[in-house]
1. Buried (at least 17 other Cβ atoms within 10 Å of the Cβ) and farther than 24 Å from Ala129 by Cα: does that describe Leu29?
2. Name every residue in the range 122-137 that is closer than 10 Å to Val313 by Cα and in a strand (DSSP E or B), in order of residue number.
3. So, in the range 50-68, exactly how many residues are touching a residue at least 40 places away in the same chain (Cβ under 8 Å), under 25 Å from Tyr3 (Cα atoms), outside any strand (DSSP E or B) and out of contact with any Gly (no Cβ under 7 Å at 6 or more places or on another chain)?
4. Restricting the first residue to the range 369-390 and requiring it to be open to solvent by 10 Å² or more (accessible area, probe 1.4 Å), which pairs with a second residue that is among the polar types (S, T, N, Q) and not in a helix (DSSP H, G or I) meet a Cβ separation below 7 Å and a spacing of at least six or different chains?
5. Scan Arg33, Arg111, Arg93 and give me the residue that is of a type in the set (D, E, K, R), out of contact with any helix residue (DSSP H, G or I) (no Cβ under 7 Å at 6 or more places or on another chain) and over 30 Å from Ala220 (Cβ atoms).
6. Anything in the range 135-152 that is over 25 Å from Pro91 (Cβ atoms) and either buried (at least 20 other Cβ atoms within 10 Å of the Cβ) or not aliphatic (A, V, I, L, M) (or both)? List them, or say none.
7. Please identify the pairs in which a residue from the range 154-172 that is touching a residue at least 24 places away in the same chain (Cβ under 8 Å) and over 20 Å from Val252 (Cβ atoms) has its Cβ atom under 9 Å from the Cβ atom of a residue that is hydroxyl-bearing (Ser, Thr, Tyr) and surrounded by fewer than 16 Cβ atoms within 10 Å (Cβ to Cβ), counting only partners at least 6 apart or on another chain.
8. How many residues, within the range 321-335, are part of a helix (DSSP H, G or I) and open to solvent by less than 10 Å² (accessible area, probe 1.4 Å)?
Amino acid sequence: MDYDVATLDLFDDSEAAVARRRGWIEGVLRGFRDDRPEDEMVQRWVGHYRADRVVVRGAWLPEGEFGAGPIPVATYASLDKTLNAGRGLLPLRMITDVTTSAAHRRRGLLRRFIEDDLADAVAQGVPMAALTASEATIYGRWGFGAATFRCGVEVDTTPGFEMRSSSDPGRVELIEPKDAWAHVKGVFDAFHARQRGSVEWPAQYEDIHTGAYDFDGGGANRKLRAAVHLDADGHVDGFVLFKHGEKYSLRVEEMIALTSQAQLALWSLLGRMDRIRTVTFNLFHPEDPLAWALTDLNRVRTTEVQEFLWLRVLDVPRALEARPWAGDGAVVLEVDDPQGHAAGRFEVTATDGTAAVARTDRAADVHVDASTLASLYLSAVPVGLLRRAGRVDGPDEGVRRFAAMADLAEPPHSLTGF
């Protein structure tokens, strides 16, 4: 079957274009088994995508075919933001809203969309692509690898929840989410500038974090609450957004703190909430000090660890030069990439935390595929572990040298779903 594959013009407000845009959104929601959209959701969705200059593509049944109409059988969207690679912000092609109707699988639609988009990113000089995947088995064939992990925790805040000490010179205040937005965005921007692995927020985060719109329930999010931490000089250096749930529970929607004092002060507030027995958070920072600051560290229980951000390296020299390096040395890295974007041999010479990377014809010390390179990029997974998993090849001495150069002590962290 010849599909009608098209890119939508988000700024065309003709009747036909508006109908097709709504159909595209309905296709995304159908693909993710969500409710049909109401008018406000469509308006906000289109507004966010206009603000971020999102490229929206779909595949429709041709006119006259049974089932043809404004709802596509496959959807795909992408936009450009930034990734904190460790030595600065790297341009990033972000892929989202990928669906294919169960009735039209294995027709090459996803392959066409993703390969065309990656080729466009390369042509536009974007060195990295990213997505957050609902299934872990789909995207490795296109060179994506799991690069950060999401940790979920449940914190017991029943009587006895107590910090070992309280030396915070600042204070915490509850405020309305809409009033907190300027502070929330300021804290996130500071976090994004310094946290390796962080991805810039798309436009919809303002609606989500102010409670202006609830994309799960529709309408204003009346359950969302906010608190901020002020340092000794009265500057906001942390925030938490949360909802009260059933059975005396509280769910953290987002939490970022720029200091350990602010982090613990926000946790202390949540732990002192009346009639709350458990607090859950599914984006717990890997170096959050909470458990070790409590008199009873067993009150923090890990409930899940799951891959979160998937990366795809498109420009090896530019990407590797943008990340920090742990040790001095030189290694020739060979990358196998069926799509060709990252393929080749590269000499990596690291000195004082930075690297120079250039193509070479010299024999390789280390061999990886594009997906493994992506998983190694932020150093969420050590070289030795992937070697033991059979995903890093080469002589022992070369692999050890590469590990000493590439493995970083501080973990990456991303909070941005898209």
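1. So Leu29 fails the test.
2. Met128, Ala129, Ala130
3. The total comes to 4.
4. Final answer for the pair search is Ala380/Thr148.
5. Being of a type in the set (D, E, K, R), out of contact with any helix residue (DSSP H, G or I) (no Cβ under 7 Å at 6 or more places or on another chain) and over 30 Å from Ala220 (Cβ atoms) holds for just one of Arg33, Arg111, Arg93, which is Arg111.
6. The answer is Glu135, Thr137, Cys151, Gly152.
7. If the second residue must be hydroxyl-bearing (Ser, Thr, Tyr) and surrounded by fewer than 16 Cβ atoms within 10 Å (Cβ to Cβ), the pairs left are Gly160/Thr295; Arg164/Thr295.
8. Selection size over the range 321-335: 0.
The values are calculated or read from the model by the stated rules, or taken from the named source; none is laboratory data. Please read all numbers here as calculations on a predicted model, not as lab measurements. In this analysis, Cβ positions are derived from the backbone assuming ideal geometry, glycine residues included, and neighbour counts consider all displayed protein chains. To get the accessible areas, we keep the full protein, side chains included, count just its heavy atoms, and leave off ligands, DNA and RNA. Shrake-Rupley method; radii C 1.70, N 1.55, O 1.52, S 1.80 Å.
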